[in-house]
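Accompanying notes for the structure given below.
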Amino acid sequence: MKNVYLFQPQNLTGHEGMVQAWLPYSVACIWAYVSQFKEITDNYNLEKVYATKEPIKTVVDTMNDPKIVGFSTFVWNQNYNLKMAEAIKKKYPNCTIIFGGPQVTYDYVKYKFIDTIIESEGEHLFKEFMDDHLSGSIKKIYSKQRIKDLALPSAYSTTIFDDLIAEYPELTWATTLETNRGCPYHCTFCDWGSVTNSKIYKIALEKLQFEIDWIKQSRVVTLVNLADANFGILKERDLEIAKMLRTMVDDGPVGFIDISYTKSYNTYLHDIVRILDQPTGFTVSFQSNNQDTLDAIKRKNLNEKDLMKLLSYAEDQHVTHEQEYILGLPLETKDSWYEGMTNLLQHGQHKVFDVFLCSLLPNTELASPESRAKYGIQSTFTPELNSVGPRNREDITEYSEIINQTNTLPQKELIDCFLFSIIIMHSHCTGYTFVTSRLAEKIYNISYKDFYQELERLLYQDETFSKHLNYIRNLLVEIFATGMIKDPNFKEEGRFDYLSYKFFYKNKNRLYQLAAEAVENLYGLDVKDDLVKVQSNYIFDMSKSDDFEFESIYNIDDFVLNKTKYKVETKMNKMEFMQLWKLGSGDFHRLHQKKKLVNNITNNTKTIKLTLVNAN
Ligand code: B12
Ligand code: SF4
């Protein structure tokens, strides 16, 4: 028997004291496929699978005569895999090293310790390689091949996952499910398992049911990522799947299912979103609101009207929704970014959005030399972003390549855009300037763009806020120049936006004042005290944690001028708040997601539900 080892080392993640690891889905897929063949099981034995980054020396020293070692390689484990492979080859020169996964390019043939690489989906090609290995003559490259018939054995039918769960009882686990493969779009920044711009092939629902049942009975899988690129695109079928997935939350330990939704609208999406109702809700990746950029990256989005329909439905159903954007894409300008961000508010999306700096992934059109030249793309390799680096057991640095400027967005302006998004996320989406800006828009005809640009100006003039914003600015300058950040605070939080959650809450009273001042500056009338009163009562404050009443010249139900009396109830008590305050900023952020920092406000007749999405 020849011993096989498979590596799909992932970063450990987790929050609130729990450590979570990812089950190595990709290598389990390829092993499930090959192990159905007698010639493989008669000759090869899967000795061990590694899903975490264990110390290289310990792993190499404890290996038992490896004959094949396979590495599943992504941007977050490339350097670890290369170092591990080199060390294994050195000690066991007769073993065959094979690399696969999205990060692998033809360039990998340059590594002497790698015997062969597989591009694209791996099940059939891995079998071809194993057959060749058995007969003694392997190829250097097993080239791209699309699998049309996805009647493949389930990754969950192997014992790989059970063995890992037993080996690491201290961990909870995240896992992956697939219901189809392929994506009809071809966004130039994406490398969705090398199956973009291609037909969608379905996976049988019986297989999915088997996997869902496995997850439910496992009791330790708390997070599921659906690998589908466009969930909802297959209408009735995806609605059926949504019901099946929902049972993992209702009858199992899964707290969260991470899903990428379709970019084309259909009415089934309404029910899908309602049924799934996940903590981060209904996430739509928009990437940009600038049409030139969308054309340049070949991106199709839900049109605005359909998006608004969906968001207002999600709002009615109390389903959280979120939009994601990428900063640094071709043809984005400072003006188009500011316009895009504030249009979002104008269109009624006040709740949550997330902004990522743009990664350049190997195997993508955006990363090609032609596209770099055409759009003047400059980049930095950094371990600090996209959580490619931290919290590994083996400290080997991984890098992601981040765009730091383009020919339409010089670096300083790119940083301005990033900070402008931070300002909106941390003042508007958290609620601290939501009431003020909404009243300004509805009553005083001040657009969100004017309001937030004025607020931005005032924040940079304010001693406390400018210090904070310039601190983030300098971190970005530092990261773009050197790839590294020295400040341990950043390393602890791991994300730029997390740095601001506690800061903005701590300084919310000053923020209320500055927001009201922005309205006064733009409108020319003295309305500051009234605005500050109504805005501040909207947000939980330790000093006012009991119920109280107040009167305002504003009716914040309809956002009109109309003297109204309100009763305020807070959703938290002081003790609960103090406990949560002690947690990291990432966890504090969850208070916003749960809307716990927004008070319940009622007038004489009804609860004021401050509709965060309006379809007007
Ligand atoms: C689940 C997932 C995640 C999860 C889990 C990540 C993890 N640690 O495991 C989460 C949500 C955390 C995540 C985050 C990120 N992700 Co992600 N994610 C995925 C997703 C949706 C599914 C992966 C999957 O299981 N696919 C299904 C399996 C079957 O496909 P596969 O992995 O490609 O494997 C097949 C082949 O590649 C091949 N193969 C794979 N390994 C091997 C090994 C051998 C030996 C052989 C022979 C063959 C082989 O055979 C397999 C079966 O056909 C993919 C997109 C996609 N649909 O693939 C993106 C993807 C993997 N993510 C990607 C990226 C960029 C990220 C982020 C960096 C995004 C960001 N900007 O922050 C972060 C960083 C994460 C981190 N630090 O861990 C990229 C990776 C590109 C790259 N070159 O590495 C992908 C491809 C999406 C994209 N945008 O293009 N991600
Ligand atoms: S729609 Fe999503 S998966 Fe498809 S190419 Fe675009 S980013 Fe990639």
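Only the coordinates and a few stated rules stand behind these numbers; no lab work does. Since the structure is predicted, the reported quantities are computational estimates derived from the model, not experimental observations. Here the Cβ positions follow ideal geometry from the backbone for every residue, glycine too, while neighbour counts run over all protein chains shown.
Under 20 Å Cα-Cα from K127, which lysines qualify once same-chain neighbours fewer than 8 residues away are excluded? List returned: K2, K38, K48, K67, K139, K140, K144, K148. Adding -39500 (n - 2.57) for every DSSP H run of four residues or longer, then dividing by how many residues the chain holds, sets the calculated 222 nm ellipticity at -12000 deg cm²/dmol.
Our coupling estimate for region 246-258, obtained by passing each phi through the Karplus curve with A = 6.51, B = -1.76, C = 1.60 and θ = phi - 60°, is 4, 5, 5, 7, 6, 10, x, x, 6, x, 7, 10, 8 Hz, Gly and Pro reported as x. Using the Kirkwood formula over every pair of different C-alpha atoms, what hydrodynamic radius in Å results for region 530-609? About 13.4 Å for region 530-609.
Relative to the longest principal axis of the Cα atoms of the chain, helix 304-316 runs at roughly 80 degrees.
With the charge dipole of the chain set up from +1 on Lys and Arg Cβ and -1 on Asp and Glu Cβ about the Cα centre, the Cα lying farthest toward the positive end among the listed residues Q411, L459, Y566 is that of Q411.
So which of K199/K300; K53/K83; K467/K533; K563/K596; K506/K565 end up more than 18 Å apart by C-alpha? If you can, show how the numbers build up before the last one.
Numbers: K199/K300 16 Å; K53/K83 11 Å; K467/K533 26 Å; K563/K596 27 Å; K506/K565 28 Å.
Where the Cα-Cα span goes over 18 Å, the pairs concerned are K467/K533; K563/K596; K506/K565.
Taking only Cα atoms, what is the 0 to 90° angle, nearest 10, from helix 528-538's long axis to the longest principal axis of the chain? That helix lies at roughly 50 degrees to the long axis. Put a dot 7 Å past the Cα of D530, heading toward its Cβ, do the same for N489, and the two dots end up 3.8 nm apart.
The percentage of C-alpha pairs in region 2-143 whose separation is greater than 21 Å is 39%. Remark on the chain: C29, C95, C183, C358, C417, C429 stand apart, with no other cysteine beta carbon under 4.7 Å. Angle check, please: helix 123-135 long axis (alpha carbons) against the longest principal axis of the chain (alpha carbons), in degrees 0 to 90, nearest 10. That helix lies at roughly 20 degrees to the long axis. Residues R299, R237, arranged from fewest to most other Cβ atoms within 10 angstrom of their Cβ, appear as R237, R299. Modelled spin labels at K243 and N509, positioned 7 Å past Cα toward Cβ, are 5.4 nm from each other. Taking each residue as 0.36 nm, the span from D395 to V19 lengthens on full extension beyond its C-alpha to C-alpha distance by 133.7 nm.
Backbone geometry of region 323-338 corresponds, through the Karplus equation with coefficients 6.51, -1.76 and 1.60 at θ = phi - 60°, to 3J(HN,Hα) couplings of 10, 10, 10, 10, 9, x, 6, x, 6, 5, 10, 4, 5, 5, 5, 4 Hz, x marking Gly and Pro.
With r as the distance between the Cβ atoms of Q346 and T602 and R0 = 30 Å, compute the FRET efficiency 1/(1 + (r/R0)^6) and round to 0.05. Efficiency computed from Cβ-Cβ geometry: 0.60.
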